[in-house]
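S.K.: Pasting a structure here, questions to come.
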Amino acid sequence: MTSSSKNSTSLITKMYSHIYIEKEAENYPVTMRIKGILKCSEIIEITHYKDVFNERGQDFLMQKNRPKLILAVKRENLIYKGSPMCNSFGYENFYYTSCVMNCPYNCEYCYLQGMYPSGNIVVFVNIDDILESAAKLSKQKPFICVSYDTDLLAMEKLLGYAGEWIEFCRQNPEITVELRTKSASFANLANYAAPANFILAITLSPDEIIDLYEHKTPKLGRRIEFINHAVKAGWKVRICLDPVLYVRGYAQIYRKFIDDVFAKINARDITDVSFGVLRLPKDFYKRAAKNGVKTELFAYPFADDSQGATYSKQHAENLRGVIYGGLLEYMPKGKIFE
Ligand code: SF4
């Protein structure tokens, strides 16, 4: 173990003071792995994860800051149809799956704040059942996103689930898997060869946005280094500029950001780029407000329509124009997705 990986492992061991474990989840390999790493955490046995995760009167913000782990068995909805709010990249059969609910990072715009009643992190330990459900879709040649409701790579030392999906891709060449991340630790991938049907989708934001709104995430420079490491090692890399935010000075901030990114990354090494203006699920605010979420980002007068909520047509168009125009200078049209 290198000294930097020793440091990050000791950081993880301090992160989770308590682990709630469903009785049924006790004997799974990942439960043993987590208990082996988090030796100092207090273990609490529970019957069902919802007894803890859905409890009334939780302090969501405190939990986001110092989350506890909940280990559970996923009994239903092992795989879902992809949401129309997300890009399917031209795939007819688009799915997503949640092996983990909630994220160790803490972005102020995160839609999970309006989705879950708790800031604690649920890990579904029956990953083999989830992989088996995904494999059954093989005939459809689907596209499956596996890291929407969390950041799997940021949890890799603890869970090893990114590795499971990488090996899954090797066994299931008809299935394309996308793993989305803001993590910057190439060490988590270094032991794997890159399967051609695995897309590493790395979200980038200007440092001005990271500093203000993407708490606990790596700075832009580290994410760029990660991308360069990954492409050199043969990984397919998608760059995601998502969400782009309507902030003061957005035109200059995002234009400079795109130029800086492509000054350091060779655009020809990148599989494609996707971008999306901030959009939120319907009724997001009611639930986020219940959780005590306060951020200046939501001071904008969003209004729900059938798809959810986003900026006014004019503001969204202006933002799109800046991003799309900037990207077109580096990437061909066919490789830019919105
Ligand atoms: S990295 Fe993604 S999932 Fe995690 S807090 Fe940020 S927006 Fe949410």
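S.K.: Hey, residue 148 hits all of (1) within 16 Å of the ligand (Cβ to nearest atom); (2) modelled with pLDDT of 95 or more but one; which does it fall short on?
M.R.: (2)
S.K.: Turning to a different aspect of this structure: What tally of residues in the range 307-324 results from selecting those that are in contact (Cβ under 8 Å) with a residue 12 or more places away in the chain and not β-branched (Val, Ile, Thr)?
M.R.: Residues in the range 307-324 being in contact (Cβ under 8 Å) with a residue 12 or more places away in the chain and not β-branched (Val, Ile, Thr): 10 in total.
S.K.: Can you name the residue in the range 101-142 that is part of a strand (DSSP E or B) and buried (at least 23 other Cβ atoms within 10 Å of the Cβ) and is also nearest to the ligand (Cβ to nearest atom) among such residues?
M.R.: By that ranking, first place goes to 107.
S.K.: Something else: Right, residue 295: at pLDDT 95 or above and either more than 18 Å from residue 83 (Cβ to Cβ) or touching a helix residue (DSSP H, G or I) at 6+ places or on another chain (Cβ under 8 Å) (or both) or not?
M.R.: no
S.K.: Considering only residues that are in contact with a Phe, Trp or Tyr (Cβ under 8 Å, 6 or more places away or on another chain), outside any strand (DSSP E or B) and more than 25 Å from residue 266 (Cβ to Cβ), which ones fall in the range 209-230?
M.R.: Result: 213, 216.
S.K.: What are the pairs with Cβ atoms under 6 angstrom where one residue, in the range 84-110, is of a type in the set (Val, Ile, Thr) and the other, located anywhere, is within 14 Å of the ligand (Cβ to nearest atom)? Sequence gap at least six, or different chains.
M.R.: What qualifies is 97/146; 100/150.
S.K.: Here's something else I'd like to know. Please specify each residue of the range 151-161 satisfying the condition of being small (Gly, Ala, Ser) and within 14 Å of the ligand (Cβ to nearest atom).
M.R.: 154 - this is the single residue of the range 151-161 that is small (Gly, Ala, Ser) and within 14 Å of the ligand (Cβ to nearest atom).
S.K.: Which of the following residues is farther than 22 Å from residue 321 by Cα and more than 16 Å from the ligand (Cβ to nearest atom): 224, 270, 253, 258?
M.R.: It is 224.
S.K.: Further question on the same structure: Which condition does residue 208 not pass, out of (1) acidic (Asp, Glu); (2) more than 16 Å from the ligand (Cβ to nearest atom); (3) without any contact (Cβ under 8 Å) to a residue 40 or more places away in the chain, if it passes all the others?
M.R.: (3)
S.K.: Just one of (1) more than 13 Å from the ligand (Cβ to nearest atom); (2) surrounded by fewer than 20 Cβ atoms within 10 Å (Cβ to Cβ) trips up residue 216, so point out which.
M.R.: Every condition holds for residue 216 apart from (1).
S.K.: Then there is this: Pairs under 8 Å by beta carbon, first residue within 16 Å of the ligand (Cβ to nearest atom) in the range 173-185, partner open to solvent by 30 Å² or more (accessible area, probe 1.4 Å) and among the charged types (D, E, K, R), six or more apart or different chains?
M.R.: If the second residue must be open to solvent by 30 Å² or more (accessible area, probe 1.4 Å) and among the charged types (D, E, K, R), the pairs left are 184/222; 184/225.
S.K.: Given the residues 165, 235, which is the only one that is farther than 19 Å from residue 269 by Cα and more than 16 Å from the ligand (Cβ to nearest atom)?
M.R.: Residue meeting the stated conditions: 165.
The values are calculated or read from the model by the stated rules, or taken from the named source; none is laboratory data. Owing to the predicted nature of the structure, the values given are computational and were not obtained by experimental measurement. Cβ sites come from the backbone with ideal geometry, for glycine too, and all protein chains shown count toward neighbours. To get the accessible areas, we keep the full protein, side chains included, count just its heavy atoms, and leave off ligands, DNA and RNA. Shrake-Rupley method; radii C 1.70, N 1.55, O 1.52, S 1.80 Å.
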